[in-house]
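Written below as structure tokens is the structure these notes are about.
Each value in this text was obtained by applying a stated rule to the coordinates, not by laboratory testing. Fair warning: this is a prediction, and the values are worked out from it, not measured in the lab. So basically every Cβ, Gly included, is an ideal-geometry build from the backbone, and we count neighbours across all protein chains shown.
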Amino acid sequence: MAYLEDHKAKIENLKAALHSSNQTQLSREANGGRSILFTYPPNEEILYINKLKEELDPEEFTFINVAELLVNFIEQDGWEDFKSYYLEFKDTPHIVFKSDDPDTDLMDLIINEIKTAESNHKTPVLIRTGALYGTGIENNNIMEHSFVMKLKKPLVIGYPCEYIKANDTLLFLNFKHSNKYRCTVIE
């Protein structure tokens, strides 16, 4: 089981990357970005999330559960209205979940939670990001958001994926190629 072998080193690498003395290096590695992808196997997600919550000081970190935000988004208008709207735009899910209109969508909910963490002087940590699959919201949409690019403290994204070191590839949920241009990867 990878978790038993890797979790301590990964969390220490995360803490090192977040240390204030490494912020310039972080932005350089992330091509100007302010995000860290904290990777782990999807089948071990709960183990990693629990260990992160245990290891990271709640006075310094805010955990943002994307799955809960997805449920909140659906409940805004109710299941039937959501279902109807989603089915109408199922081939273009980004219109439902991250449109540019003034209505609050899932992307807005995520960014608002990140803004709240920033205003509370805490490091935002996105968890349960597998819930983004099928929404049209990719990790780079979040990492390249203008607010995220200017964060004082980096955004940490708990990322269920397979990292293939041989060709430096990330596979979100172990099958979908993933962008890592604006982030540092904790593999």
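Please compute the contact order of the chain in relative form: average sequence separation of alpha-carbon pairs under 8 Å and at least six residues apart, divided by the residue count, as a percent. Across the chain, relative contact order equals 36 percent. Residue by residue, the stretch 139-148 carries 3J(HN,Hα) couplings of 4, 5, 4, 6, 4, 9, 4, 4, 5, 5 Hz when phi is fed to the Karplus relation 6.51 cos²θ - 1.76 cosθ + 1.60 (θ = phi - 60°); x denotes Gly or Pro. Since only Leu106, Asn140, Ser35 are under comparison, the one whose Cα sits farthest along the positive direction of the charge dipole of the stretch 32-161, derived from C-beta charges on Lys, Arg, Asp and Glu, is Ser35. Panel values: the chain, Kirkwood radius from alpha carbon pairs, Stokes-Einstein at 25 °C and 0.890 mPa s, translational diffusion coefficient 144 µm²/s. When the Cα atoms of the stretch 1-63 are enclosed in a convex hull and the volume is divided per residue, what value in Å³ results? Taking the convex hull of the Cα positions in the stretch 1-63, it is 97 Å³ per residue. Between Ile36 and Leu155, Val156, Ile157, Thr184, the built amide H atoms are under 5 Å apart, and every one of these is 5 or more places off in sequence or on another chain.
Given a Förster distance of 22 angstrom, what is the FRET efficiency for Asn174 paired with Glu29, based on the Cβ-Cβ distance and rounded to 0.05? Between Asn174 and Glu29 the formula returns 0.35. Candidates Leu151, Gly130, Phe97 compared by Cα position along the dipole of the stretch 32-161: farthest toward the positive end lies Leu151, with charges placed on Cβ. For the chain, set up a GNM with springs between Cα atoms under 10 Å and report which of Pro154, Pro124, Pro93 has the largest fluctuation. For the chain, modelled as a Gaussian network with Cα springs under 10 Å, the answer is Pro93. When the P(r) of the stretch 39-88 is calculated, the portion above 14 Å amounts to 67% of the C-alpha pairs. Inter-part distance, the stretch 27-43 to the stretch 57-126, computed on C-alpha centroids, equals 20 Å. Compactness of the stretch 52-146 was expressed as the Cα radius of gyration divided by 2.2 N^0.38 Å, which yields 1.14.
Within the same chain, lysines fewer than 8 places from Lys150 are excluded, and of the rest, those with a Cα less than 23 Å from its Cα are Lys15, Lys98, Lys115, Lys122, Lys180. Applying 1/(1 + (r/R0)^6) with R0 = 22 Å to the Cβ-Cβ distance of Lys53 and Ala9 gives a FRET efficiency near 0.75. Near Thr169, the amide H atoms lying under 5 Å from its own belong to Ile164; only residues 5 or more places off or on other chains count, and H is placed 1.01 Å from N.
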